[in-house]
Amino acid sequence: MNIENYVAGRWIAGTGAGQPLVDPTTGAELARASTGGIDFAAALAHAREVGGPALRRLTYGGRAQMLRRIADCLAERRADYVGIARANSGNTDTDAAIDVDGAIGTVGFFARAGQKLGDARLIADGGLIRMGKDEAFQALHVMAPVRGAAIHINAFNFPAWGLWEKAAVSLLAGVPVVAKPATVTCWLAQRMVRDVIEAGILPDGALSILCGGAGDLLDHVAEGDVIAFTGSADTAARIRGHRRVVERSVRVNVEADSLNACILGPDIRPDAPEFDLFVREVAREMTVKAGQKCTAIRRVLVPASVADAAAEAIAARLARTPVGDPRNPEVRMGPLVGRDQLAAARDGLAALAAETGTVFDGAGSALVDADPDCGAFLFPTLLRANDPAAARAVHEVEVFGPVSTLMAYRDADDAFALARRGRGSLVASVFTADPGFMADAAIELADMHGRILLIDASVGKASTGHGIVMPMCLHGGPGRAGGGEELGGLRGLAFYHQRSALQGPAARLEAIAAGAARIDA
């Protein structure tokens, strides 16, 4: 099968041999994808000149209705998408649900949220501002959709959700999307785009997809374009530093590497309900999607007094996790997405070896219905830092797989200091029954974390979890995590808008404000 690209209103097969897409369970080749011969300049021009004007002719409410139709279209084909996720990403049914249902749910959320913006084409940011003695002359800040293209470069781990969590917001804003999913798992993203295009939901040029290498795409960006990237810090640096991106002041949002921490409060003992919640959350985050989530728990911080008990309890849960072919309903964790990712994970483990010991690594366990010589399997691995404060690698090297490192801390200050050693993260979680420690964690960690999950027994069942990104909440983080922000309800629209200060007759500005939407995220 040849995975085609959709650009300039046409499905086009790339030239050349292309890159193989494989089943990471068996190693069998499923398809090939290539962007060889694609005219990237023409693709961007079509999005800007055809897709953009068509989207902007609709109101926010009209574009929200369009998102509702997209969500319904995707929901009708859910079973097909789960099958592709199982074959090309090695997902279990649970893994696929997080990706596919997360995508559909996010589009549906922004469809509902966008309806509140009504029949407006501008967003008012605040009210009128008096600038002098004469009240007749005032100012009003507004946000207008940018008139370029939104280039979305996504990671391999969430081909469905990664596509739609960006595209839903961009399309609601009225900005056409040129999506570039990671080639190794692009089949699912391409299939979803094909289904939406064939359903006739979107105007021409509103949504394009490139399945293969990025080629000279960035050489053709222009003022008004925006780039939203999810992936490694190294690639993010190349994008930000690209000559054309710099020359044209192209706005870039990055969601990158993150050594997320989960902290067990100093008040919690092994017989506390929060201890059980903590253990389950760590084990789940290590094994869901085979640990291939940007929000997964990489560092597990526990009081020194209960470190042995925590290590034993987490290891026991991991030992009860069957690993193998996700087609077998008994399997709870599948493979990594490919042999290259497996090699990278093994390299990461080697980098951590000097500073850690192994608590659990599945040694002696057998795969279920799978051959380790063919598939990209790595058993869940719990390490324990020998000296967390003196260590460096455990705070700098992210093993993108089912690997976490347990770290014993002395007191609350030590716990917060260790968490901050991640140099900026997407998320941290705190399990405690102490209101004081919970409040202190919010104060001490918020500046270096995009999201903080605070858990006691009262919300244990209601919690959406450490690693689940909800569309109404911010996704992103400072420092190492990329310094970006996505989602956050209607706050996410800001990236796709230009803020402008209107100055003029108060009566005229009041009329403009009355016809504009207002964001209550």
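Per-residue ellipticity at 222 nm for the chain, helices alone: DSSP H runs ≥ 4 residues times -39500 (n - 2.57), over residue total, nearest 500 deg cm²/dmol? Mind showing how you got there, number by number?
Working: 15 runs with 175 residues, N = 521.
It comes out at -10500 deg cm²/dmol, rounded to the nearest 500.
In whole Hz and in residue order, list the ³J(HN,Hα) couplings for the stretch 140-153 that follow from phi through the Karplus curve 6.51 cos²θ - 1.76 cosθ + 1.60, θ = phi - 60°; x for Gly and Pro.
Working through the residues one at a time gives 8, 8, 10, 10, 10, x, 5, 10, x, 10, 9, 9, 10, 10 Hz.
Which value, in debye to the nearest 20, gives the size of the charge dipole of the chain about its Cα centre, when Lys and Arg are +1 and Asp and Glu are -1 at the Cβ?
Details: 53 positive and 60 negative charges, 324 e Å.
That gives a dipole near 1560 debye.
Mind checking which of Ala139, Ala155, Ala168 is farthest towards the positive end of the stretch 130-184's charge dipole, using Cβ charges of +1 (Lys, Arg) and -1 (Asp, Glu) about the Cα centre?
Ala155
Residues with beta-carbon under 13 Å from that of Gly334, excluding Gly334: net charge, scoring Lys, Arg +1 and Asp, Glu -1? Walk me through the numbers before you get to the answer.
Numbers: positive: Arg86, Lys289, Arg327, Arg332; negative: Asp23, Asp93, Asp95, Asp99, Asp325, Glu330, Asp369.
It works out to a net charge of -3.
Under 5 Å between amide H atoms, partner at least 5 residues away or on a different chain: which partners does Leu406 have, H built in plane at 1.01 Å?
Val300, Leu383, Arg384, Ala385
Enter the accessible area per residue of the chain (Å², integer; probe 1.4 Å; all protein chains in place). Write out the running numbers ahead of the final one.
Numbers: 19900 Å² over 521 residues.
Ligands and nucleic acids excluded, the result is 38 Å² per residue.
For the chain, just say rounded, prolate or oblate: build the C-alpha gyration tensor, square-root its eigenvalues into a ≥ b ≥ c, call rounded for a/c under 1.5, and beyond that prolate if a/b exceeds b/c, oblate if not.
Details: a/c = 2.02, a/b = 1.31, b/c = 1.54.
It is oblate, given that a/c is not under 1.5 and a/b is not larger than b/c.
Would you mind putting 180-186, 91-97, 369-375 in packing order, based on average other-beta-carbon counts within 10 Å, highest first? Don't jump to the answer; show the numbers that get you there.
Values: 180-186: 24.7, 91-97: 21.0, 369-375: 15.9.
Ranked from most to least packed, the peptides come out as 180-186, 91-97, 369-375.
Tell me, what % of the accessible area of the chain is carbon and sulfur with a 1.4 angstrom probe? Don't skip to the end; give the middle numbers.
On the way: 10030 of 19900 Å².
So the carbon and sulfur contribution to the accessible surface is 50 percent.
For the stretch 275-281, in order, what is each residue's ³J(HN,Hα) by Karplus, 6.51 cos²θ - 1.76 cosθ + 1.60 with θ = phi - 60°, in whole Hz (x at glycine and Pro)?
5, 5, 4, 4, 4, 4, 5
Quick query: amide H of Asn253 versus all other amide H atoms, modeled in the peptide plane; which residues come in under 5 Å with a sequence gap of 5 or more or a different chain?
Placed amide hydrogens put Ile227, Ala228, Phe229 under 5 Å from Asn253.
State, to one decimal in nm, how far the label point of Ser232 lies from the label point of Ile129, with both points 7 Å from Cα in the Cβ direction.
Taking the two extended label points, one gets 4.3 nm.
Could you tell me which of Ala507, Leu318, Ala45 has its Cα farthest along the dipole of the chain towards the positive end, charges placed at Cβ (Lys, Arg +1; Asp, Glu -1), taken about the Cα centre?
Ranked along the dipole, the leading option is Ala507.
Please work out the FRET efficiency for the pair Arg499 and Ala366, using the Cβ-Cβ distance as r and a Förster radius of 60 Å; give the result to the nearest 0.05.
About 0.55, to the nearest 0.05.
Full extension from Ser305 to Asp72: what is 0.36 nm times the residue separation minus their Cα-Cα distance, to one decimal in nm?
Details: separation 233, 0.36 × 233 = 83.88 nm, distance 5.13 nm.
Contour length minus Cα-Cα distance gives 78.7 nm.
Between the stretch 133-164 and the stretch 458-521, what is the C-alpha centre distance in whole Å?
For the stretch 133-164 versus the stretch 458-521, the Cα centre distance is 9 Å.
Run the simple label-point estimate for Cys473 and Ala457 please: 7 Å along Cα→C-beta, distance reported in nm.
2.3 nm
Provide the FRET efficiency to the nearest 0.05 for the Glu198-Glu247 pair, computing r from the beta carbons and using R0 = 51 Å. Display every interim value, and only then the final one.
Numbers: r = 38 Å, r/R0 = 0.74.
Once rounded, the FRET efficiency stands at 0.85.
The values are calculated or read from the model by the stated rules, or taken from the named source; none is laboratory data. Everything quoted here is computed from the prediction, not taken from an experiment. Cβ coordinates were reconstructed from backbone atoms using ideal geometry, including for glycine residues, and neighbour counts include every protein chain displayed. Each accessible area value is taken on the protein alone, full model and side chains, heavy atoms only, with ligands, DNA and RNA left out. Shrake-Rupley method; radii C 1.70, N 1.55, O 1.52, S 1.80 Å.
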